[in-house]
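*Asks:* I'd like to ask some things about the structure below.
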Amino acid sequence: MDIVCQTELKRNLKSKYQSVFEGIPKQGSSDLLEKIYTEVYITEGGSGKVNEEHEVRQIESRSMRADGQEKSIKCSDIFKLLPGQVKPIRSVVTKGVAGIGKTVSVQKFILDWAEGKENKDIHFIFPLLFRELNLMKTEQHSLMNLLHHFFTEIKHLTFLGQGKNKVLFILDGLDECRLQLDFQKNESLTDVTEITSLDVLLTNVIKGNLLPSALLWITSRPAAANQIPPEFVDRVTEVQGFNDQQKEEYFRKRISDQNLASRVISHVKLSRSLHIMCHIPVFCWIAATVLGVILGSSGGGQIPKTLTEMYTYFLIFQTKQRSLKFENEHDLDPQWNQKVILGLGKLAYEQLEKGNLIFYEEDLKECGIDVREAAVCSGICSQIFREESGLYQGKVFCFVHLSVQEYLAALYVLLMLIMKRKDLISPKQALRKVFKLPKMRSVHKYMITLHKSAVDKTLEHEDGRFDLFLRFLLGLSLESTQTLLHGLLQRGQNKMGNEETISYIKEKIREVPSSERVINLFYCLNELNDHSLVEEVQRLLSAGTLSEAELSPAQWSAFVFVLLTSEQKLDVFDLKKYIRSDECLLRLQPVVEESQKAQ
């Protein structure tokens, strides 16, 4: 009977996991996982403690380090001992930012097992998604009853564990968990047939009270990983995403025309911001979608160089998903559903402030989004915002990536200022007259106020929560970007330029002591097409006069930015060439930290 159940489970898991959907499963295109799967870079180590930095900042920092500085581990070997290790590994926590490849890695692990390629010593694998378990949070089940509910093919299997069958539980998406998981107060449970709450059930599985011989694999975004007490974790791994070689491999698998793939790869390498973001597999998909269409069209068109431009084109393409044949940029004529965009934008902004990535029907209703309309809308909802129906009855919603949520949040804030004359960020006293001003010149004045308030709000959050949101908000203020969004925004709404905003950001660069915080401000200047400070320092570097020059605080920040975002890896950094004082050493500390060696 066990063999029959195992065979049936493998067959069903293979059917479920052999295809990968990029975009919403109902409307997106499906490919065989084997066809486009690219191994991500996974490292062992870490305490499992919370990382409070914004995920994009973690990616940018990670991209500056050379591969090989940590122990790498293959996804299929996640439970295998490395040389020198003796203690058996029962539980593994795998961390990684949104869209970095955690779930796809789990999918590949399960598929390889179901096909008999890897981990043949495991008899049963039971993948459970927290987003599905959330929908059952008020119910009570026994462990066996819960497994029978999700995996009907094992309903005749009455015994697990105790050496008879080797079992692996996969709990995917801990960051999406809306259960309490109270490891301190929850009672102990050892009987797999005893009925209790899901909270008690899961904490006892994680502790090893229920089926102590079973393996356990938990995936989570870094900020939520500390929910699991370290004494219940034998190994912590982290998905780093794609290294440079894996990025190229992905584009070549994703784009069948290899000449086009080469052009896409070349363009991504030209922009440091885009190249860094391509560490995220989901962003590689966005880049492949946008650049594949633009570079592959006979008429060419404006090629995006900044994040805002990339995401704006992506929004346009997905809105026009039924006819993605652009001969030139003048043909970009999507049929905007303003009501849906405002509703999704409101959801994106309000949930961004709360730190939520997964939404339920009540969250949508609070933002005036009709669930049926959101599900069937053929435009923006098709691949940017998706509905997922789990094995259990109920629906959850999410954006394909945190950065898409941040882009729509920024677009919403801009639309509210232009269309509703409402500033969502500035202090209340700045809003007294905004509702009475019909002229665009006056709106521009308040846009500057909004920009300054957004810069201040971003700097106030040390975790970098609004870093990318600010980049998008500023990039959306450019006339060139607003021209792309014509039909949603009127043309020429920002012809007066952003000189005042640029000056304010430069002023903050001089004032802010943290180089990490300043780096995002330089990316903001990049979104506004201002490169003056960086170019100034690059001239000094080229002339070889930088070591003698007395740099201003802003120039020092620009110098650090140039070094950290250089295309060359920081193998050895020659401190003696630049350091003249303790102040110099302090300012160059971020460069020293990211270098493999400093002398």
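The values are calculated or read from the model by the stated rules, or taken from the named source; none is laboratory data. Everything numeric in this text was worked out from a predicted model, so none of it was measured. Cβ coordinates were reconstructed from backbone atoms using ideal geometry, including for glycine residues, and neighbour counts include every protein chain displayed.
*Asks:* Please verify whether region 104-122 includes one or more residues that are closer than 17 Å to L211 by Cβ and not in a helix (DSSP H, G or I).
*Replies:* Looking through region 104-122, at least one residue is closer than 17 Å to L211 by Cβ and not in a helix (DSSP H, G or I).
*Asks:* Looking only at region 130-149, how many residues end up being under 25 Å from I78 (Cα atoms) and at pLDDT 90 or above?
*Replies:* 2
Results for (1) at positive phi; (2) outside the structural domain of N204 (by TED's automatic domain parsing); (3) not in a helix (DSSP H, G or I), shown as yes or no for each residue.
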| residue | (1), (2), (3) |
| --- | --- |
| T237 | no, no, yes |
| Y250 | no, yes, no |
| S256 | no, yes, yes |
| V268 | no, yes, no |
| H275 | no, yes, no |
| H279 | no, yes, yes |
| F283 | no, yes, no |
| A287 | no, yes, no |
| V290 | no, yes, no |
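*Asks:* Is it the case that I110 is β-branched (V, I, T), in contact with a Leu (Cβ under 6 Å, 6 or more places away or on another chain) and within 17 Å of Y37 (Cα to Cα)?
*Replies:* yes
*Asks:* Given the residues G99, G161, which is the only one that is modelled with pLDDT under 90, in contact with a Ser or Thr (Cβ under 6 Å, 6 or more places away or on another chain) and not polar (S, T, N, Q)?
*Replies:* None of the others qualify; the one that does is G161.
*Asks:* Another question, if that's okay. Going by the structure shown, is R465 at pLDDT below 75 and in the same structural domain as I505 (by TED's automatic domain parsing)?
*Replies:* Answer is no for this residue.
*Asks:* What's the number of the condition L260 fails, among (1) out of contact with any strand residue (DSSP E or B) (no Cβ under 7 Å at 6 or more places or on another chain); (2) assigned to a strand (DSSP E or B)?
*Replies:* (2)
*Asks:* Which residue is farthest from E350 (Cα to Cα), if the candidates are limited to region 459-480 and must be among the acidic types (D, E) and either part of a helix (DSSP H, G or I) or more than 20 Å from the chain's Cα centre (by Cα) (or both)?
*Replies:* Looking at the filtered set, the residue picked out is E479.
*Asks:* I'd like the residue in region 226-254 that is within 19 Å of the chain's Cα centre (by Cα) and of a type in the set (V, I, T) and, out of all such residues, is modelled with the lowest pLDDT.
*Replies:* V239
*Asks:* Count, please, the residues in region 201-235 that happen to be part of a loop (DSSP other than H, G, I, E, B), β-branched (V, I, T) and buried (at least 21 other Cβ atoms within 10 Å of the Cβ).
*Replies:* Summing the residues that are part of a loop (DSSP other than H, G, I, E, B), β-branched (V, I, T) and buried (at least 21 other Cβ atoms within 10 Å of the Cβ) in region 201-235 gives 1.
*Asks:* Just name the residue that is farthest from L352 (Cα to Cα) out of those in region 448-465 that are in contact (Cβ under 8 Å) with a residue 60 or more places away in the chain and in contact with a helix residue (DSSP H, G or I) (Cβ under 7 Å, 6 or more places away or on another chain).
*Replies:* In this case the residue turns out to be V455.
*Asks:* Another question, then. Take the conditions farther than 26 Å from N526 by Cα, at pLDDT below 80 and either surrounded by fewer than 23 Cβ atoms within 10 Å (Cβ to Cβ) or not charged (D, E, K, R) (or both) and apply them to K320. Does it pass?
*Replies:* Against the criterion (farther than 26 Å from N526 by Cα, at pLDDT below 80 and either surrounded by fewer than 23 Cβ atoms within 10 Å (Cβ to Cβ) or not charged (D, E, K, R) (or both)), K320 qualifies.
Yes or no, residue by residue, for (1) in contact (Cβ under 8 Å) with a residue 60 or more places away in the chain; (2) not acidic (D, E):
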{"residue": "F126", "(1), (2)": "no, yes"}
{"residue": "L129", "(1), (2)": "yes, yes"}
{"residue": "L135", "(1), (2)": "yes, yes"}
{"residue": "Q140", "(1), (2)": "no, yes"}
{"residue": "H148", "(1), (2)": "no, yes"}
{"residue": "E153", "(1), (2)": "yes, no"}
{"residue": "N204", "(1), (2)": "no, yes"}
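*Asks:* Here are some residues: N145, N165, N119. Which one is among the polar types (S, T, N, Q), surrounded by fewer than 20 Cβ atoms within 10 Å (Cβ to Cβ) and within 30 Å of the chain's Cα centre (by Cα)?
*Replies:* N119
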